[in-house]
Every structure is written in structure tokens, then in C-alpha cells.
Amino acid sequence: METNVFDRRLWRRYWQMAKIYWFSDEKWSARGILVLLLLLLFSFTALNVVLNFVGRDFMTALSEKNLPAFNKNLLIYLGVFVVATPVSVFYAFVRRYLGVNWRLWLTRNFLDRYFHNRAYYHINDKGIIDNPDQRISQDIASFTSTSLEFLSVIFFSVVQLISFVGILWTISVKLVLILVAYAAIGTTVTLFFGKRLVNLNFLQLRKEADLRYSLVHVRDHAESIAFYRGEKKEKDQVIKRLFAAMENLKFLIGWERNLEFFTKGYEYIIIVLPVVVMAPLYFSGEIKFGVVTQAESAFVQVLSALSIIVTQFEQLSGFVAGITRLDTFAAALDQSVSAKEKIPGIESVEGTEVELNNVTLKTPDNKKTLIRNLSTKTSNKKGMLITGVSGIGKSSLLRAIAGLWDTGEGTITRPRLDDMLFLPQRPYMVIGSLREQLLYPHTERIVGDDELRTVLERVNLKDLPERVGGFDAEFDWGQLLSLGEQQRLAFARVLLTKPRYAILDEATSALDEANEAILYAELNKLGTKYISVGHRRSLLSFHEKVLDLKGDGRWELTQTIPLKEVG
């Protein structure tokens, strides 16, 4: 991905992302802190101007052995340092404090968009971008803190330029012209050598994120890897990503080395250049020694202001890479929402029952038809069982009913999603306590321990609270509980939530038939209607209809006793 620091589209997108905070509901407090930050910077620059003049007189007094003038300027120096210290400390504190507020607000803004209309699901399911977690946690932090850092550098440089160029002009016009030419040459050469750093930094962020993800993947699937004895494969995968990251890093530090050959020499010449220019005037007696040191100090300040790109290019290239990643993330979120709004597909209608009318379900790329012209409706009695060989489209149909998958045509009528609960084959175990596991996704509800115990007893998990140390105990539940226990815990959620519909995707696959019968009996007592995906013949007795998917879009719908429809 080719990106450069002068890409106007990138900086427009940067402003689009940045301005939402400064025009948000927190805009007045944010702007107030920003004004305070700039005032502290201005004060610091003013103190530097004072030091420039005091330094001139101080060095002149030293060269002329004028003790009273030396002592006077020394006291002024010390006084300025006393004032400058708290100004500098508070400036750093205010900048970090504002950065924290901005990061908190912007992260919440991205999270709102990430979870809105299940954008997180579509982005991760389609692989639109890599490592969205890193972009939220790391790239936003870098975006806010580095933005304030560069804002401070630019403002400080502008104030310095205005303050010191006048001083320098009164001393030597020739020195000012040399300075401008020197800064222009330095900026041009830096851009020539450093233009590739942006893309290398972008790649480095991605490869580091890929490496971190592979390590997290091993941690999350440690038991499965151990059962398969897949250590070598996993290690090879991690090492492969490690080498990819390090190989790119070698290129990166190589280009940084090439750039530093110039920038270091550029910085060293600054030390002697103003002295060389001013030396003839000093030797001829036209100026005093203090003026030479004043000119050198002003020269350094003005050159620093004019050489932002030279001195900050490495940091700027990393910053631009981070902006690019955040930009593509924001664009992916916008694309996810707009695509869902613009592309016609299966229509979802709110109703009291689950009903499919002429539903044709396709894969997301529209290349394969999974189900063609399916029409059916759940009854007021037992639910519907969906069967078929693995990979035929059973879970895809459940995704369509849940509104996660809408590629195709037709109409699906269903109750509000709040009145439905979906149980996958491997239940989702939240980060939290046993109480939160049971109440998920409505963890804000207040349910007494006695009711929780009763529900656990109904799903044959009566001893679980005592086993783990109570309802407020927190564990890695996916590791602690067997799959069968997790599935029974998921059914306990259904009994506590009391949804109108339960959608069960192989939700009893890890249970024996006795426990399976207990759970379906509890669903019938509750009055919750259900649609199941499964292969066991034992499931037939719990369902009134069987939808058998045949492949190539074909299906067969039967009652559990006589055949009713064929499609």
C-alpha cells in the first residue's frame, strides 16, 4: 500500500477522524484544555526568548570579565529556570491528560461503530481488514498521543520561528538566508531518502500484529493443540510470522540508517555553521562575543522550526502508517454499514412466528446457491429440525434467520431479536463470573441465588456453584468446563431468559441422550419454540417438522411421521 506524507486524501481523512472529538459533546472542555496547552507552550517559548537575550549579556560579561554584570545575568538565568521548570512539567502533564481524554472518547466512538449493526461480525467474517483489535487498542492510542505531540511541535516551531527570526535578522541578514537555504536542502533530501519509511512502518505494524495474533491463537487453543500434538506446526507458524516481522524490520532499520547518515551530519553542521558565518564580524570587532552566542542560539531555534520534517521524519512516517491503518478501519466500518443498506438481499420482517417465504440463500460471494425457494413456518406445537450432511448450509440458514446473513432473496419473518436466543454448538463463554455466564446477554438483571441454583439443577449442573466457589467466582470457563457442561450452561441461559424462540445449532451434540431429553423437556415446559440443527435420530421425537437439505439448493420438508412437501 503506497502512502506518502503529502497524500492529501489521507490528511483529509485524518481531519475527518480528528475533528469529531473537537466538535463532540465534550468540545468545550477539550478546547479549553487545548488552549491551556498552547498557552503553556507559548510561555515556554517566551522564556526561551528571554534566555536568548540574557545568554547574550551573560557571555559578553564573561568575555569582558565584568563580574557585576555576570552575577546579575546569572540571577536572571536562575529566575527564568525556576519559572520554566513548572511550565515544562505542567505542559507535559496537560498534553498527556488531553491525550487520555481524546483516546477514551475516540475509542468509544469506534466501538459504537464496531458493534453497530454487527459490523464487527461482517468485518471479521469477510476478512475485510487485519487485526481490528490492534487498531482499536493501539492505533487509536498512537493517533491521539502523536497528534497532540505533532500539534505541539508545529505550534512551538511557528512561535519559535516568529520569535527568533526577528532576532536573527537584526544580527545578520546573510545568516538568515543561509539558514533558509540549509533547511530547504535538508527537507528535500530527507523526503527523498525517507519516502519509503511510511510504507515500511505500515507493514511493520501489520506484521507485528499478525505475530501477536498467532501467539494469542496458541493460548486460546492450547488444549486442542496438545491433543493433536501440533506443537511443531504451531511453532513453525509463529516462527514464520516472527521472521516476516524481523525481515521487514531489517529493511526498516536499513532505510532509517540511510536517512540518519544525512540527518546526523545535518545536525552536526548546525553546531559550527552560525559561528563560522559570524566569526569574521567578531574578529573585526564589529560585534561582541555575546552576540555570536546569541546568533548561534537563535540560529538553532529557527533552524529547528524550519527543519520539522528532517528532525521528525522517522516519527512522522510511523504516524502516517498508523493513520493509514485507522483510516482503512474507519472506511471498512462505513463500508459495512453502507453495503448492508444498499445491496438487496433477503428481507427481514418482524412478526410473531418464524416464517420463510420463497427464501433463496446464497454464499456471500453469490457464487453458490445453498437453498432455493424455501417456504415454511414454525407451528404452535413442537419445533423444526434441520438436517443434512456437513457443509450443506444448515448453520447458514440459522445465520439468515438471525439476520447475520442476507445474501439471496425472499422474506424471513421472525420475532424481535431480543425475543430470540441462539445457542451454537460451542457456547460463548463470557469473561466474567458464573452469575454473568448464566444471565448473559442480559447481565444487568438481578436474579437471586436460589433461582440460579434451581435453574442449574434443572439442567443437571446442581453442584457447579460449590465446585467453583460460588456465583461470583471468575474463571476461564471455556477451559474449566467440558463442552457438555458448557452446552448445559447455555440451556440454563434459555431457562432464565425465557425467549420466545430458541435457535439451537448442534446445541446438544456433546451430551448423552438422557441429558438431551431433559433439556428439550425443559424447553417444552417453558413454552419456548425452537428450531434445531442436528444429526441424531433421537432429535426427531422433539420436533414436529424436519427440513432435510439435499444440496444444490434442493430441500425436503416432512412431518416427523408423513411426508408433506418436497422442493
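Computed quantities for the displayed model
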| quantity | calculated |
| --- | --- |
| Sorted by Cβ density within 10 Å, fewest first, the residues 152, 396 | 152, 396 |
| Helix runs (DSSP H) in the chain reaching 30 Å along axis by Cα, Kyte-Doolittle at least 0.0 | 27-63, 67-115, 140-171, 173-194, 231-283, 308-342 |
| Net dipole in debye of the range 8-342 [+1 Lys, Arg Cβ; -1 Asp, Glu Cβ; about Cα centre; nearest 20] | 620 |
| Proxy reagent accessibility, fewest Cβ within 10 Å first, across 164, 289, 110, 283 | 283, 289, 110, 164 |
| Extreme residue, positive dipole direction of the range 182-268, given options 230, 253, 197 (C-beta unit charges) | 230 |
| The range 88-115 versus the range 415-486: alpha-carbon centroid distance in Å | 35 |
| Residues whose placed amide H lies under 5 Å from that of residue 423, excluding near-sequence neighbours | 503, 504, 505 |
| Rounded to 5, percent antiparallel among DSSP beta bridges of the range 347-566 | 50 |
| DSSP beta bridges in the chain [antiparallel fraction, %, rounded to 5] | 50 |
| For residue 555, distant residues with modelled amide H under 5 Å away | 550, 567 |
| Greater than 22 Å apart at Cα, pairs in 207/240; 368/529; 362/550; 72/174 | 368/529; 72/174 |
| Packing-based exposure ordering (other Cβ within 10 Å, fewest first) of 501, 282, 268 | 268, 282, 501 |
| In nm, spacing of pseudo-spin labels at residue 115 and residue 217 (7 Å Cα→C-beta vector) | 2.7 |
| Expected-Rg normalisation [2.2 N^0.38 Å, Cα atoms] applied to the range 8-342 | 1.29 |
| Residues whose placed amide H lies under 5 Å from that of residue 370, excluding near-sequence neighbours | 361, 362, 363 |
| The chain: Rg to Rh, with Rh as the Kirkwood radius over Cα pairs | 1.15 |
| Overall Cα dimensions of the range 116-252, principal axis frame, Å, largest first | 79, 38, 22 |
| Options 320, 482, 412, ranked by Cα towards positive dipole end of the chain, top entry (Cβ charges) | 320 |
| Dipole-positive endmost among 101, 41, 290 within the range 8-342 (Cβ charges, Cα centre) | 101 |
| Dipole magnitude (debye, nearest 20) for the chain, charges at Cβ of Lys, Arg, Asp, Glu | 920 |
| Mean projection area, nm², convex hull over Cα of the range 347-566 | 12.1 |
| Relative contact order, percent, the chain [alpha-carbon distance under 8 Å, six or more residues apart] | 15 |
| Net charge dipole size for the range 347-566 [Lys, Arg +1 and Asp, Glu -1 on Cβ; Debye, nearest 20] | 800 |
| Theoretical ellipticity at 222 nm over the chain - DSSP helices of four or more residues, -39500 (n - 2.57) apiece, nearest 500 | -22000 deg cm²/dmol |
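FYI, it's all coordinate maths here, none of it is from the lab. Quick caveat: nothing in here was measured; it's all calculated off a predicted structure. Counting neighbours? That spans all protein chains shown, and the Cβs are built from the backbone with ideal geometry, glycine included.
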